[in-house]
Amino acid sequence: MRSEINGSAKALPKASVKCSTGSKRQTWAGLCALTLSFVIYFSSLNAHAFTQPDATTEKTNANAKSMQDNETQIVYIDAQRSTPAGTPLYLARPEDEGISGANLGIEDANITGRFLGYSLSLTYLPVFSTSSSTASATIFNNALFNAPSTDAITRSDVVLLDSTDAKYQVLINAILSINPNALIINVASGNDAFRHQQCDAHVLHTFPSHQMKTDALGQWLRTKRVNAVLTLQGTHDSDQAYLAAFLRTAKKFKIDIVESKTWQASFDLRRSAFSEIPLFTRTTKPYKAIFAADTQSQFAYSLPFNTHHIVPIMGSAGLKPLGWHFTHEQWGARQLQNRFKAQYSRTMNEVDYAAYAAIIAVSTAIQQSKQNGTGSSANDSLTGTQLFNALVQEQLSIAAYKGRQLTFRKGTRQLRQPIALAHEEALVIHAPLPGFLHQSDELDTLGETNKTCKDPL
C-alpha cells in the first residue's frame, strides 16, 4: 500500500508535467487567436478611419461653398494723405488708421456669422492719386483704380470710404460709376455738406458730422453758462467747414462770438508759441472760451495755457468732441479698447471706431435678414440696396459699445450716436448732456435733424 501510494506519488508529478506542457501550448494558441482578432479589429477601424474623412471633407466642402455663397464682400478705400508741413510727428495720422478698426469689426462679425451661416470679407485699396477735386470721375478712375481694384469694387456689396474732404466727392463719383448699387459708408469725413449730396445713391455716414460735434460743445457751454467765445480757424477748407458748423451751433444756443481770427503763420510754433499765441489771441472784448478749428494740427495744440486770457480751449485742442476716445470704458467698451490695443499696439481713435461701426452695421443687417428669412435668396448675400433699406428705411438699431441703440437718420443718412467730450487724459462726459431733451430721440439734439438730404445746408 505504501509502495502504491509512493508509486502514485512519484507518478503524479510526471502526469502534472504533461498537463502543464499542454496548458502552455493552449495558452499560446489562445494568445495568437486573440492577437489575430485584435489585428482584424483595428484593421477594420483603420479602414473606417481612412474612409471617414472623405465624407467629412465632402461636408466641410459643402459648408465652405455655402459660406462662400453667403459671403458679403467689403472694400476699404483709403485715400492716402501726407502729413502737412508744420504738423508735429506725434500728431500725425497713424498709417493703419481706419483699416484696423474695420479688420477688428470683420473678426467680431464673423464669429456670429459662423453660427448663422454668413461671412464678411475685407479688401484694402489704398489710393495714392494726387488728382484734383475738379477732375472728372472717368479720368479719376483711370488714375485711381487698376483692373484688379476695379473688379474688387464691382464685386463688392459695401464700400467703406476713408477720404479727405478734397477727394471725397470725386471718389464717391468714381465708386458709383463702377458699382452704382454699392452701399457706400463714409468713415472719416465730418463735413456737413456731404450729408446733403448723392441723395439718390446708397450713402451712409458712421463718422459724426461737424454739426453733431459742435452741438455737443454747445450743450457743454450752455450747461457751464459760458456765453462769450473767441473762434480761431486755419486756412484749410476743412477748417472752414468745422467753423461754419460751430457758428450754426452758436446761433442755436445763443452764444456770443466775440471775434473770429484766422491763423496765417507758416512757422513752427513749437519754438515760439509762448510769445506768438498771446498776441494772436488778444482781443478788444473779453472772452470766456476759445473754439479752434484746426483739422490739420497747425496751431491748436499750442493754445492751452498760452492764450492772452487763460480760458478753456475746445474744438481741435483742449476739450475735444469725438466719436470715440480711448478713455471710454463703459458699456463693455473696455474689452474693445483692450483687444484693439493688444492687436495694433496703439489706442483706438474715432476713425477706427467709425470703420468698426460700419462693419457691425452691415453684420447686423445680415443677421436680421437671416432671422427673418429675407434677402434675394436663401444662399445669397444681401445687395447694397437691401442693406441700405434695412439700415435706413427699416431703422435697424445697432449695438456698438455706446450704451444706446444706434440708428441712421432717414433725412441725412447720419448715424445717431453719443459724442464724447474729452481731453488728452480723461473723458469729461458724453453728449447729449442731462437736460437736453427731444420729442423722439435725445440723440437728435446733436446735429441737423430738421433737414433732409435734398435740402440745402
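One table, with the values for the structure above:
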read-out	value
From I99, I77, I111, residue being farther than 30 Å from Q298 by Cβ, assigned by TED's automatic domain parsing to the domain that holds Y353 and under 17 Å from the mean Cα position of the chain (by Cα)	I111
Hey, L183 modelled with pLDDT of 95 or more, buried (at least 22 other Cβ atoms within 10 Å of the Cβ) and assigned by TED's automatic domain parsing to the domain that holds Q80 or not	yes
Residue match in segment 329-349 (condition: of a type in the set (S, T, Y), surrounded by 14 or more Cβ atoms within 10 Å (Cβ to Cβ) and in the same structural domain as L247 (by TED's automatic domain parsing))	no
Of the criteria (1) buried (at least 22 other Cβ atoms within 10 Å of the Cβ); (2) under 23 Å from S316 (Cβ atoms), which one A400 fails	(2)
Selected residue (only one of A241, A193 is within 26 Å of the chain's Cα centre (by Cα), in contact (Cβ under 8 Å) with a residue 60 or more places away in the chain and under 25 Å from I429 (Cα atoms))	A241
The lone exception for I366 - which of (1) closer than 30 Å to T327 by Cβ; (2) buried (at least 19 other Cβ atoms within 10 Å of the Cβ) it fails	(1)
Qualifying residue in segment 52-60 (condition: at pLDDT below 95 and under 25 Å from V159 (Cβ atoms))	no
Subset of segment 88-139 [at pLDDT below 85 and either closer than 22 Å to E424 by Cβ or not in a loop (DSSP other than H, G, I, E, B) (or both)]	A137, T138, I139
Tally, over segment 145-170, of residues that are exposed (fewer than 15 other Cβ atoms within 10 Å of the Cβ) and not small (G, A, S)	5
Residues being modelled with pLDDT under 90, among the aliphatic types (A, V, I, L, M) and outside any helix (DSSP H, G or I) - total across segment 61-87	1
Test: residue in segment 417-429 that is within 19 Å of A102 (Cα to Cα) and modelled with pLDDT of 95 or more	yes
Residue under evaluation Q211, criteria (1) over 20 Å from V428 (Cα atoms); (2) crowded, with 22+ Cβ neighbours inside 10 Å; (3) not aliphatic (A, V, I, L, M), criterion not met	(1)
Some residue of segment 450-457 being in contact with a strand residue (DSSP E or B) (Cβ under 6 Å, 6 or more places away or on another chain) and in contact (Cβ under 8 Å) with a residue 40 or more places away in the chain	no
Residue count, segment 383-428 (criterion: part of a strand (DSSP E or B) and either over 27 Å from S156 (Cα atoms) or not β-branched (V, I, T) (or both))	12
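The values are calculated or read from the model by the stated rules, or taken from the named source; none is laboratory data. Since the structure is predicted, the reported quantities are computational estimates derived from the model, not experimental observations. Cβ: placed from backbone, ideal geometry, glycine included. Neighbour counts: every protein chain shown.
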